[in-house]
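Note sheet for the following structure.
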Amino acid sequence: MDKGRFITLEGGEGAGKSTLARALAGRLGEAGFATRTTREPGGSPKAEAIREMILAGQAKDYGAFAEALMFSAARIDHIDSLIRPALEGGEWVICDRFIDSTRVYQGVLGKIDPALLAALESVTVAGLMPDLTLILDLDPEIGLARAAKRRRPGEAVDRFEGETLAFHRNLRQAYRDIAAREPRRCVLLDATLSPEALAEAAWRAVGERLQTRPEA
Ligand code: Z5A
């Protein structure tokens, strides 16, 4: 059986990653590909337990490197129990956030030494890199407004939503820098597009970068 493909979605808060993940999975399914959507932090029961701790802010006081270690612990379990077996079984895996989130949130914004973070990434993913990363580029004021609109009355903001606008602006720039540095893996998409137009742009990128049609 052919190995599957690994697609990751990245971007700031409220950029539309989860919405796009569902749409892309639908398009791939219609094209006949077995597809699985998942997310980080989380995606497996043990990683979901770590997600709850991180998003509740329980690791914040220990600093950015401790948070990076927790995201990495969750990622190792997610890769071992879900991502790698699915890819080896021929599925296409669409993951809402992956290594670039650690690079941006903990690395750039948390000011972790890049060499240290690269070493941590290398032992965490053990050779598994995304075949394609779609980075949803959006003015953070729009993304945060979308996230606020979605919040239920009385619901608290999470560990990262509560950061300043300057933090979210730096985050957008850090993602753009990754897209510029790694053009073979990454495609920057305009996330101001409607959900339908964004899904169409993403589908085009997937078709151009990965084999979505049987060889002639
Ligand atoms: N984090 C980290 O620090 N380090 C790591 O290594 C990892 C993660 C893996 C996870 O939060 C947090 O963990 C994240 C980074 C950090 N923090 N932040 N911020 P999460 O999973 O709870 O949140 P998120 O990843 O940011 O996702 P989100 O807020 O759910 O946003 P989204 O998935 O990008 O958007 P959405 O749910 O698809 O859409 C949001 C709203 O906008 C919704 O009402 C939609 O109907 C609407 N929407 C969606 N698309 C559109 C378009 N195209 N136009 C207009 N409106 C739209």
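The values are calculated or read from the model by the stated rules, or taken from the named source; none is laboratory data. Everything quoted here is computed from the prediction, not taken from an experiment. Cβ coordinates were reconstructed from backbone atoms using ideal geometry, including for glycine residues, and neighbour counts include every protein chain displayed. Note: accessible area is taken over every heavy atom of the protein model, side chains too, but ligands, DNA and RNA are not part of it. Shrake-Rupley method; radii C 1.70, N 1.55, O 1.52, S 1.80 Å.
Per-structure values
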{"item": "Phi to ³J(HN,Hα) by Karplus 6.51 cos²θ - 1.76 cosθ + 1.60 over the range 124-133, Hz, x for Gly, Pro", "result": "6, 8, 6, x, 8, 10, x, 6, 8, 10"}
{"item": "Full-extension gain in nm, Y62 to E196, via 0.36 nm per residue minus C-alpha separation", "result": "44.1 nm"}
{"item": "Point-to-point label distance, L69-R181, nm (Cα→Cβ direction, 7 Å offset)", "result": "2.4 nm"}
{"item": "Gain upon complete extension [M53, T212; 0.36 nm per residue less C-alpha separation]", "result": "53.4 nm"}
{"item": "Exposure ranking of V123, V206, V187 by accessible area [1.4 Å probe, largest first]", "result": "V123, V187, V206"}
{"item": "Exposed GluC sites (Glu not before Pro) absent - longest run of the chain, DSSP non-H/G/I/E/B, at most 16 other C-beta within 10 Å", "result": "1-154"}
{"item": "Segment R204-E30, length gained on full extension (0.36 nm per residue, minus Cα span)", "result": "61.2 nm"}
{"item": "Quarter of the Cα convex hull surface for the chain, i.e. its orientation-mean projected area (nm²)", "result": "12.1 nm²"}
{"item": "GNM flexibility winner over the chain from G154, G29, G89 (Cα, springs under 10 Å)", "result": "G154"}
{"item": "Per-pair calculated FRET efficiency, R0 = 41 Å: E141 and K111 via Cβ, rounded to 0.05", "result": "0.95"}
{"item": "Set of aspartates and glutamates near K3 by C-alpha distance (under 12 Å), chain-local residues within fewer than 8 positions excluded", "result": "E88, E91, D131"}
{"item": "Residues E88 and Q173, FRET efficiency given R0 of 35 Å [Cβ-Cβ distance, rounded to 0.05]", "result": "0.45"}
{"item": "Chymotrypsin sites (Phe, Trp or Tyr not before Pro) restricted to the range 111-216 and DSSP loop, no more than 10 other C-beta within 10 Å", "result": "none"}
